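The values are calculated or read from the model by the stated rules, or taken from the named source; none is laboratory data. Remember, it's a predicted structure, so these values are computed and weren't measured experimentally. Heads up, the Cβs are rebuilt from the backbone with ideal geometry, glycines too, and the neighbour counts pull from every protein chain shown. For accessibility, only protein heavy atoms count, side chains too; no ligands or nucleic acids. Shrake-Rupley method; radii C 1.70, N 1.55, O 1.52, S 1.80 Å.
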Amino acid sequence: STISKNSLKTSLLQLECHFTWTLLKQHVSLESLEETVVDHIKFVTECNVIDYNILSYVCHLKNSNEEALRNLKKAEEAVQKLYPGEIARRSLVTWGNYAWIYYHMQRYKEAQTYVSRVENSCKKLSSTAHGKIQLPEIYAEQGWASLRFGNNYFERAKNCFENALKSEPDNPDFNAGYAIAMYRLETLAERYCEEMRPCLEALKRALELNPKNTTIMALLALELQRLKRVNEGERYIEEALQITPDFPVFLRHAANFYRRKGEVDKAAEILKKALALTPKSVFLHHQLGLCYRFKILQLKRTGYAPQEKVENLIQLAIFHFKTVVEKKPTFISARSDLANTYALGKRYEEAEEIFQEVLQINNLSCGEKQEIYFNYGNFQHFHMNSESKAIKYYIEGLKMEKDSFGRKKCREAVETLLKRKIRSGLGDATDIGTLGLVHSLNGEKQKAIECYEKAIALDPSNEEYQDALSELQLSI
């Protein structure tokens, strides 16, 4: 009946589970998320309950509810094995997911059974709760799920782990989750030139409580490397290689460490080993593509590059980047990487096509867009020999006010290009006027005024420069 269906919906919304945590599928590529979780289950036995729960939700998002139910059954089995003394407490999220999936399958009676099961357990566990209960491990589970759903959810993940830590400050798992969230937030902040909240202490604390957790060891090493303490970082990587020589998540981070250190061959070897263990991992394919591209650029710089060797590396890089783009269309920087590699192989039409596709996407973040403009500007500048188009796209990146790595790169590129042209005597009024615009967009008003005055001296009838100049003079 409709009334019971409506009251059922009201009860469902009170549950704490993946369906009420607003994890939206447009932020992830479901196929690659599913592969990541399946790989994790294969290599990490400790958190299977959490993995099976999120897998059931991903299956539901892919419209395979029967498969979702099978994963919930596995989550229940894992609870019985790992927490025989606290089955109800450890099953609340799983039962909540059951209720939602049965509801979506229009099996309302079964959905109601699970809702009641959660509500009754919550009453027993806490005198005040109605299906809403603030258990630290539920906060933590929401935190792990948020980490899996990508950049848009890292801040929330951090808050979830903070909430879990309020009641259990020494819990190793909550500290690990908190440190990982902090590390990822710092990586994002660095890329988008936002304020960095250091995560070193959180990682050290997490490692104290999880001395054998090689993921934490690797992130600590990468953080030390970021702080220019490379040797200290490398000791952690070496120690972790002894503890888990065959754990792909760790190997991926270790490879990243060596690639950043410039030891690209070592990084590539580690990545190949990891890829043999988890052949579908998008991250591994991307990292391997980056290694090959680095080697191509290295060979080209030496001036002596055996053509066959370069061709072979280009093919390899394209293969790996293509794999990433097909599996995970939301991985925007990988698309630029693929386009750039096509350009290195002189396959300009294919590069152009990818850039055009990416330039059409409307829900990109500011920082992502600026990186695209930078990469496309470079393509025009170095491969298409069109300085004017390059300048146009670098400036598009600058026009977006928000600071980021991409914006900084656009600024450096366009300034270098214009100043070189002007210095060599090939610059005309347009170039000097454009440099004025660049200074103006950077908030360097005095420099902008000087440029516009020079441009007007060369081209007195240009109204655009006159207007820009008077506007700047008024604003000072």
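In table form, for the structure just shown:
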read-out	value
Hull volume in cubic angstrom per residue (convex hull over the Cα atoms of the stretch 421-476)	66
Per residue accessible area in Å² of the chain, where ligands, DNA and RNA are left out and the probe is 1.4 Å	49
D (Stokes-Einstein, µm²/s), Kirkwood Cα radius, the stretch 16-74, 1.306 mPa s at 10 °C	137
Debye intensity ratio I(q)/I(0), log10, the stretch 219-373, q values 0.11, 0.14, 0.20 Å⁻¹ (C-alpha model)	-0.49, -0.77, -1.26
Quarter of Cα convex hull surface for the stretch 161-309, i.e. mean projection, nm²	10.6
Protection proxy ranking, peptides 49-57, 198-206, average beta carbon neighbours within 10 Å, highest first	49-57, 198-206
Sorted largest first, extent of the stretch 5-126 alpha carbons per principal axis (Å)	37, 35, 22
Karplus 3J(HN,Hα) series, Hz, for the stretch 414-427 with 6.51 cos²θ - 1.76 cosθ + 1.60 (x for Gly, Pro)	6, 5, 4, 5, 5, 5, 5, 5, 5, 4, 6, x, 8, x
Cα gyration tensor shape of the stretch 128-244, rounded if a/c is under 1.5, else prolate or oblate by comparing a/b with b/c	oblate
Net charge of neighbours whose Cβ lies under 11 Å from the Cβ of Gln370, counting Lys and Arg as +1 and Asp and Glu as -1	+3
Peptides ranked, highest mean first, by Cβ atoms within 10 Å: ranges 207-216, 226-235, 239-248	207-216, 239-248, 226-235
Qualifying aspartates and glutamates (Cα of each under 17 Å from Cα of Lys228; at least 8 residues distant if same chain)	Glu186, Glu190, Glu201, Glu263
Subset of Lys73/Lys109; Lys5/Lys74; Lys280/Lys322; Lys9/Lys124; Lys261/Lys328 violating a 21 Å alpha-carbon distance limit	Lys5/Lys74; Lys9/Lys124; Lys261/Lys328
Protein accessible area in the stretch 245-318, 1.4 Å probe - carbon and sulfur %	54
Surface/4 of the Cα convex hull for the chain, nm²	28.7
Accessible carbon and sulfur surface of the stretch 5-126 relative to its total accessible area, %, 1.4 Å	49
Whole-number Å³ per residue for the convex hull built on Cα positions in the stretch 281-363	81
Under 22 Å from the Cα of Lys447 - lysines, other chains or at least 8 residues apart	Lys392, Lys399, Lys402, Lys408, Lys409, Lys419, Lys421
For Gly427, distant residues with modelled amide H under 5 Å away	Ile422
Subset of Lys81/Lys123; Lys42/Lys327; Lys42/Lys273; Lys25/Lys62 violating a 18 Å alpha-carbon distance limit	Lys81/Lys123; Lys42/Lys327
Helix axis angle, 2-13 relative to the chain longest principal axis, alpha carbon, degrees	70
Local electrostatic count at Phe283 - Lys and Arg +1, Asp and Glu -1, tallied over other residues with Cβ under 11 Å	+2
